[in-house]
Amino acid sequence: MNFFERVNKYFDLLSDSEKFLLRYIQEHINEMPQISIVRLSEKANVSTATIVRTMKKLGYDGFTSFKIRLKDEHRRTPEFSVVEKVDNKIKEAILKNEREVTKTIQMLDRGTIEDVLQKIIYARKIFLFARGFSELIAKEMCIKFQLVNKYCEMHDDPNIIRTISSRIEKQDLVIFISLNGSTAELVEAAKNCKANGISTVTLTANRDSPLYALSELALVGYKSKESYFPDYEVRSRLPLQIMGRIILDAYAIRTRA
């Protein structure tokens, strides 16, 4: 059933504002591929909630779902090729994230995970060091360790990281979280720990990094080459999140057994 058939079938069941919206869409059908739900709301003088509600009454999941189905019904119309291009780009973004998750899990070594767990279990204190966007993952890990009564500190200030790393005792454990594994203050802290015989674990996506080389144990995830923010160093931390969650879940399971 195409769009116009759906309108005819459900038209009498719609409110006045929903009917008004559909009349506008029918009169401007060729504009739909390029228009956003917010812009349509402004042009048709209805709320975005009305648009979504109308589309669901017609059997679509939402406005974008409607545009995709409309594209299939107008394959030979040039205007609707825009929808296909955008749709394919979104699919690429979804697959990029799927690859990072799948490949990261495939790359993890169970033996190393077990060794990391043992280090965490027997450590008196855990120190988490991270910088930039990796700080968010470290903060989450710190809170969750604290929730299961494991003493944990998280530090993201460069000067504090450098200072504390030289004072940590041998009964403690340091966990570095760094996508590239080359942040200067983290590398300096890793050197301090190695010189003092402190156990260290690194979560990274770069096996060739200084942090990987300096750490006693390391878990390495998969980092996609693609970036949708090419002008900034804000690549996905999804591999680090996956590894952090696996460690936390495994620790919670192991300590409850």
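The values are calculated or read from the model by the stated rules, or taken from the named source; none is laboratory data. Please read all numbers here as calculations on a predicted model, not as lab measurements. Positions of Cβ are generated from backbone atoms using ideal geometry, with glycine treated the same way; all protein chains shown enter the neighbour counts.
Among residues of the range 130-142 that are farther than 8 Å from Ile177 by Cα and free of Cβ contacts under 8 Å to residues at least 24 places away in the same chain, those with a Cβ under 7 angstrom from a residue that is surrounded by 16 or more Cβ atoms within 10 Å (Cβ to Cβ) and not acidic (Asp, Glu), sequence gap 6+ or separate chain, pair up as Lys139/Met154; Cys142/Leu128; Cys142/Cys152; Cys142/Met154.
For Met107, the conditions (1) closer than 30 Å to Leu217 by Cβ; (2) modelled with pLDDT of 90 or more; (3) in contact with a Leu (Cβ under 8 Å, 6 or more places away or on another chain) all hold with the exception of (3).
For Lys144, are the conditions met, namely being over 15 Å from Ala190 (Cα atoms), basic (Lys, Arg) and surrounded by 14 or more Cβ atoms within 10 Å (Cβ to Cβ)? Yes: the conditions hold for Lys144. Looking across the range 41-51, the residues that are more than 10 Å from Phe63 (Cα to Cα) and aliphatic (A, V, I, L, M) come down to Ala44, Val46, Ala49. Answer yes or no as to whether Leu173 is under 20 Å from Ala123 (Cα atoms) and touching a strand residue (DSSP E or B) at 6+ places or on another chain (Cβ under 7 Å). So Leu173 passes the test. Counting only residues that are at pLDDT 80 or above and either closer than 15 Å to Arg99 by Cβ or not basic (Lys, Arg) (or both), the range 203-236 holds 20 of them. Looking only at the range 1-18, residues that are surrounded by fewer than 16 Cβ atoms within 10 Å (Cβ to Cβ) and basic (Lys, Arg) come to 1 in all. Anything in the range 170-212 that is farther than 19 Å from Met141 by Cα, buried (at least 21 other Cβ atoms within 10 Å of the Cβ) and among the small types (Gly, Ala, Ser)? List them, or say none. Correct list: Ala189, Ala190, Ser209.
Please specify each residue of the range 11-46 satisfying the condition of being outside any helix (DSSP H, G or I), modelled with pLDDT of 90 or more and out of contact with any Lys or Arg (no Cβ under 9 Å at 6 or more places or on another chain). Listed by number, the residues that qualify are Asn45, Val46.
The number of residues in the range 47-78 that are part of a helix (DSSP H, G or I), modelled with pLDDT of 80 or more and exposed (fewer than 13 other Cβ atoms within 10 Å of the Cβ) comes to 1.
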